[in-house]
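Enquirer: Got a structure for you, written out below as structure tokens; questions coming shortly.
The values are calculated or read from the model by the stated rules, or taken from the named source; none is laboratory data. Values in this document were obtained by computation on a predicted structure and should not be read as measured data. Here the Cβ positions follow ideal geometry from the backbone for every residue, glycine too, while neighbour counts run over all protein chains shown. Side chains included, ligands, DNA and RNA excluded: accessible areas come from the protein's heavy atoms. Shrake-Rupley method; radii C 1.70, N 1.55, O 1.52, S 1.80 Å.
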Amino acid sequence: MQTTVSAASELLKKYDVPGPRYTSYPTIVYWDDDPTVEEWTTSVARALDETEARGGGAAIYIHIPFCRSLCTYCGCNTRITRHTEVGKPYVQTLLKEWSLYRKRLNREQPIPITEIHLGGGTPTFLSSEELTELIEGILKDARLTPDAEFSIEADPRTTTVEQLQMLARLGFRRLSLGIQDFDERVQDIVNRIQTEEQVRAVTTEARAAGFTSINYDLVYGLPLQTLKSIEQTIEAARRLRPDRIAFYSYAHVPWIKPGQRRFTELDLPSGEEKRALYELGRMLLEEAGYIEIGMDHFALQTDSLMKASTEGALHRNFMGYITRQVAPLIGLGVSSISDSWDAFTQNEKKLEDYVARVEQGEIPVFRGHKLTKEDRVLRRHILNLMTRFETSWETAELYVPYLETVNDKLAEMRRDCLVKLENRRCEITAEGRPFLRNICMAFDARLVRKVPTTQIFSRTI
Ligand code: SF4
């Protein structure tokens, strides 16, 4: 059924509510059963043995929190500084943390690694020497699987040719550039000025150095954005033709990120206007040959993310959409999140606390969660919806009693033609895709049982 413009607008109003983004299930605010360090490392060791038996390895996420200036929309864990000398001791702490894991895991054979991702903050805040020391230090006593992939997030304003060439020599092939918007007024209010020429130069140099997949992060819903500015931004991205584009929804959470107080809600496009920005961006990207994958992600037919989507292998975790399910994911660095598949943990969020814990010889975890059977089953359904737009609980393995309530919770969305429900199967329609987060919320037993009394989530539209 085709939804009319006014009906679509009503739907956007109706379902524009606060809700999780589901980079994990349970969402962090519902983590309530901390593993001990023993339990945590045992669970990582078990996941490692299982993946190794299948020819896989661990994914390592390394968080570099430093940035030279604050982008006011930022929702990441950052430390703003121009003192580049903080990089070296931080690399030493990361390597110490990694050696603590190696000691605890106590393996006779080297740790197999299938993925390394450097995120931030700004990983290219580190110099070429520091990045080399970090990666070589991690790989010492480790073994790369034949299909191992290295990826890095970079800031086009500061990344140098030398860094790109060195990263390529170390084995990095995927580069993600933070861009957000090319419009000068928008760039000014979010305090992130970068020209199309700068982005073009880094893109061209990265390809020449050997990077085979380049992603641009764009954001819709930023202050002062208009249909015209989005059109110009997407046109610029189309000219530069990255392999992937993440077109994220801006999450306005000034009560958590005070930097977002530089502008007010009046500067922000509202629910319906904001969705129109996405729809225009999507149309322009699809016209240029990009295919929408999961939530807010686009890829060219030739990119590995597209291939993973076609083969049903797409996965989503704290790093966004990735080409395969990996466990364990070991997060190193301040605030990093780890996932052994049976449990989650998060490292200390304050830099000084993180460093102090590592210096004392402790795995610097400050909170975590051991997943219950219900958590594991519901996570599978939320992942299915996020990566394939459908899920089914016909088999005993994917069934828990909570699922008996899902059809009732989705009844209104079914009447609005956002989902199709058949026996124990839920499929999201094309009209339902903008409401993916709302649909996942029906599968979120923890949210249903305990609705937050204060606002902690950004709005779903
Ligand atoms: S958006 Fe990126 S570069 Fe800007 S402050 Fe946040 S982490 Fe740093």
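Enquirer: Scan the stretch 316-333 for residues that are assigned to a strand (DSSP E or B) and surrounded by fewer than 18 Cβ atoms within 10 Å (Cβ to Cβ) and jot them down.
Expert: Those that are assigned to a strand (DSSP E or B) and surrounded by fewer than 18 Cβ atoms within 10 Å (Cβ to Cβ): none in the stretch 316-333.
Enquirer: Here's another thing I want to ask about it. Select from the stretch 183-229 the residues that are surrounded by fewer than 19 Cβ atoms within 10 Å (Cβ to Cβ) and assigned to a strand (DSSP E or B) and list them in ascending order.
Expert: Matches in the stretch 183-229: Asp217 only.
Enquirer: Related question: Consider only pairs whose beta carbons are under 9 Å apart and that are at least six residues apart or on different chains; among these, list those whose first residue lies in the stretch 338-354 and is in a helix (DSSP H, G or I) and whose second residue is basic (Lys, Arg) and open to solvent by 30 Å² or more (accessible area, probe 1.4 Å).
Expert: Here the result reads Leu351/Arg79, each pair linking the stretch 338-354 to a residue that is basic (Lys, Arg) and open to solvent by 30 Å² or more (accessible area, probe 1.4 Å).
Enquirer: For the stretch 404-419: of the residues being free of Cβ contacts under 8 Å to residues at least 24 places away in the same chain and surrounded by 15 or more Cβ atoms within 10 Å (Cβ to Cβ), which is nearest to Ala313 (Cα to Cα)?
Expert: Val419
Enquirer: Here is a list: Lys103, Lys88. Which entry is open to solvent by 30 Å² or more (accessible area, probe 1.4 Å), more than 15 Å from the ligand (Cβ to nearest atom) and touching a helix residue (DSSP H, G or I) at 6+ places or on another chain (Cβ under 8 Å)?
Expert: Being open to solvent by 30 Å² or more (accessible area, probe 1.4 Å), more than 15 Å from the ligand (Cβ to nearest atom) and touching a helix residue (DSSP H, G or I) at 6+ places or on another chain (Cβ under 8 Å) holds for just one of Lys103, Lys88, which is Lys88.
Enquirer: May I ask you to verify whether Thr36 is over 30 Å from Leu224 (Cα atoms) and either open to solvent by 60 Å² or more (accessible area, probe 1.4 Å) or modelled with pLDDT under 95 (or both)?
Expert: Judged against the criteria, Thr36 is a match.
Enquirer: Got at least one residue in the stretch 269-280 being buried (at least 17 other Cβ atoms within 10 Å of the Cβ), touching a Phe, Trp or Tyr at 6+ places or on another chain (Cβ under 6 Å) and either within 23 Å of Glu38 (Cβ to Cβ) or not polar (S, T, N, Q) (or both)?
Expert: Checking the stretch 269-280: at least one residue is buried (at least 17 other Cβ atoms within 10 Å of the Cβ), touching a Phe, Trp or Tyr at 6+ places or on another chain (Cβ under 6 Å) and either within 23 Å of Glu38 (Cβ to Cβ) or not polar (S, T, N, Q) (or both).
Enquirer: State all residues of the stretch 233-280 that are aliphatic (A, V, I, L, M), more than 15 Å from the ligand (Cβ to nearest atom) and part of a loop (DSSP other than H, G, I, E, B); if no residue qualifies, say none.
Expert: Leu268
Enquirer: Could you count how many residues in the stretch 273-291 are free of Cβ contacts under 8 Å to residues at least 24 places away in the same chain and touching a Leu at 6+ places or on another chain (Cβ under 8 Å)?
Expert: Residues flagged as free of Cβ contacts under 8 Å to residues at least 24 places away in the same chain and touching a Leu at 6+ places or on another chain (Cβ under 8 Å) within the stretch 273-291 amount to 2.
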